Each structure stands twice: as structure tokens, then as C-alpha cells.
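Accompanying notes for the structure given below.
The values are calculated or read from the model by the stated rules, or taken from the named source; none is laboratory data. From a predicted model like this one, the values you see are computed outputs, not experimental measurements. Methodologically, a virtual Cβ is constructed for each residue, glycine included, from the backbone with ideal geometry; neighbour enumeration extends over all protein chains shown.
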Amino acid sequence: MTKWVVVTDLDGTLLDHHSYSWQAAKPALERLAAMQVPVVLNSSKTRAEIRELREQLALSWPFIAENGAILDWGDGHFEGFAEPRQQLLTVLGQLRQQGFAFEGFADWDLATIVEKTGLDAHSAKLASEREFTEPLLWLGDDPGKWAFQQALAGHQLQAQQGGRFLSVMGQYSKGAAIAALRERYPGATIIALGDSPNDAPMLDVADIAVVIKSARSEQLMPKAPSTIRTTSPGPEGWNQAIQDILNHRS
């Protein structure tokens, strides 16, 4: 029986917020691999992006893409929880005509996506292969942003703030697929790691919530039975937390 399942956010958590490097987490990742502990990537990134990262990390476990829109079992099977992206873009076009100010991936060519994300051209192309969500940069003021979110709710949509972008999506979350993971790995302790408000649903339903230090991590108050807060950001904090859990709770 699998004792642990690690479910992790990427940007600002397993990956450095600025460099996107995961090298500081390598010792903990290698230890988890040796123990055959599933490491499930759970991100706003696309399936194309996560597939490539899984290869770099030598992971073969399931993964969750686009803020919980789809759970890909990694064997050709998947479970979807969202409507296609084109439906979001239709609504966003209507809201823009009403005066809301924003830009998103659908508005940008590849060079602009590179500029806005800091990714190289290849990675930016993978990031553009969105199926269910639309990342935005909000260009208005805070009251306008609140009104925009209310307007989205009227269309059964929501906007979650991630590490860089405001992600427009359906009424699901990073926590939605955790129940399916529990069915796949019955009895396992779910360790979830995240650093931003859009990680809250995932952290709430974990057994051990790890809040990775970031500019917005103090906003996170997980409902999980046990919460750990790291003193270091990004992959350094990730490595610290996983090593501590394995050392003291095994």
C-alpha cells in the first residue's frame, strides 16, 4: 500500500518563481523516487507543459493540469472537470465589450507570451496550448477587478490569482481531483504543497498542508489536519518540508 502521495504546485513551489529551476528540490525528489512515493504535479500549466516537465523530473505518476480542469493518469486515460476554453473566450469577449480591461494568452503572439512569462520560445508555445483556462493580466483597478469577478460568476466562471496571472476558469479547483487520487491510492497520506491563493482548495483537502513561503503565502490558512509553513521559498522550502516530513513522520 502507498503510504504517501505528494501533490504539488509548480511555480513558486517546486519551481523557483524567477528561474523556474527545481534543482534545490532534487535531494527530496530523489528520496521520494527511491521510496516509490507518487509525486503528482498540480498546476495551472497546460498538459503539454507538464508532460515535458515530468520527463525532466523522471516522473511517471498522474498529474493535474490547468488548475484542476483535468486529471491525466499518465497512461492515456484522463478525467475532465471543465468546459472547453473557447466557451471562456466567448464570455471574455463579451465582458471586454462591457469595458473590463485585461489581456490574456489569446490576445498575444508567441513573442509576447515569451515577454510576459519570461519563458523561452519553446516553453511559451507549450504554455499557449491551453484547453480549459485563460490566464489574464488585469489592467484595471481593484474595484474593477472585483466587478469583473462578479460578472464572471454570473456566467458560472471564476478567476483565481496564481503566481503571475489571473486564471479564468470554470467552477472547479486544484482540490477537485484529490478525491480521485484518494480512490487510486486508498489509505495514503496526502501531502500537498503550494504558495498561492489558488492552491488553497488543494491544501484544504490534504492530510498535511505545506505552505511554501511567498509574497502571498500568509493569506493561506489551510483546513488540513496538519499545516507546515516553510521558512524558505520555492524549491528550497519544498526540499526542507519533504525531508522534515519523511524524517519525523515515517
- Task: Just name the residue that is surrounded by the fewest Cβ atoms within 10 Å (Cβ to Cβ) out of those in segment 35-56 that are free of Cβ contacts under 8 Å to residues at least 60 places away in the same chain and among the basic types (Lys, Arg).
- Result: 51
- Item | Candidate set from segment 132-158 (those that are among the polar types (S, T, N, Q) and in contact with a strand residue (DSSP E or B) (Cβ under 9 Å, 6 or more places away or on another chain)); member that is surrounded by the most Cβ atoms within 10 Å (Cβ to Cβ) | 133
- Item | Qualifying helices (runs of 4 or more DSSP H) (wholly inside segment 76-192; at least 2 residues being closer than 30 Å to residue 218 by Cβ and assigned by TED's automatic domain parsing to the domain that holds residue 19) | 178-184
- Query: assigned to a loop (DSSP other than H, G, I, E, B), among the β-branched types (Val, Ile, Thr), crowded, with 19+ Cβ neighbours inside 10 Å and out of contact with any Lys or Arg (no Cβ under 9 Å at 6 or more places or on another chain) - does that describe any residue in segment 13-34?
  - Reply: yes
- Single residue of segment 206-216 satisfying the filter (at pLDDT 95 or above and in a loop (DSSP other than H, G, I, E, B)) that is surrounded by the most Cβ atoms within 10 Å (Cβ to Cβ): 206
- Message: Taking the conditions exactly as written (in the same structural domain as residue 70 (by TED's automatic domain parsing), under 12 Å from residue 13 (Cβ atoms) and in a helix (DSSP H, G or I)), does residue 203 satisfy them or not?
- Response: yes
- Filtering segment 80-132 for residues that are among the hydrophobic types (A, V, I, L, M, F, W, C) and touching a residue at least 60 places away in the same chain (Cβ under 8 Å) leaves a count of 10
- Does residue 129 fit the bill of being surrounded by fewer than 15 Cβ atoms within 10 Å (Cβ to Cβ), of a type in the set (D, E, K, R) and under 21 Å from residue 170 (Cβ atoms)? yes
- residue 174 modelled with pLDDT under 95, touching a strand residue (DSSP E or B) at 6+ places or on another chain (Cβ under 8 Å) and of a type in the set (Lys, Arg): yes
- Of these, 71, 59, which one is touching a Gly at 6+ places or on another chain (Cβ under 9 Å), of a type outside the set (D, E, K, R) and touching a residue at least 60 places away in the same chain (Cβ under 8 Å)? 71
- Could you say which residue among 171, 161, 219 is exposed (fewer than 15 other Cβ atoms within 10 Å of the Cβ), within 18 Å of residue 9 (Cβ to Cβ) and not hydroxyl-bearing (Ser, Thr, Tyr)? 219
- Query: Within segment 62-76, how many residues are surrounded by 21 or more Cβ atoms within 10 Å (Cβ to Cβ) and either touching a Leu at 6+ places or on another chain (Cβ under 9 Å) or farther than 18 Å from residue 181 by Cβ (or both)?
  - Reply: 5
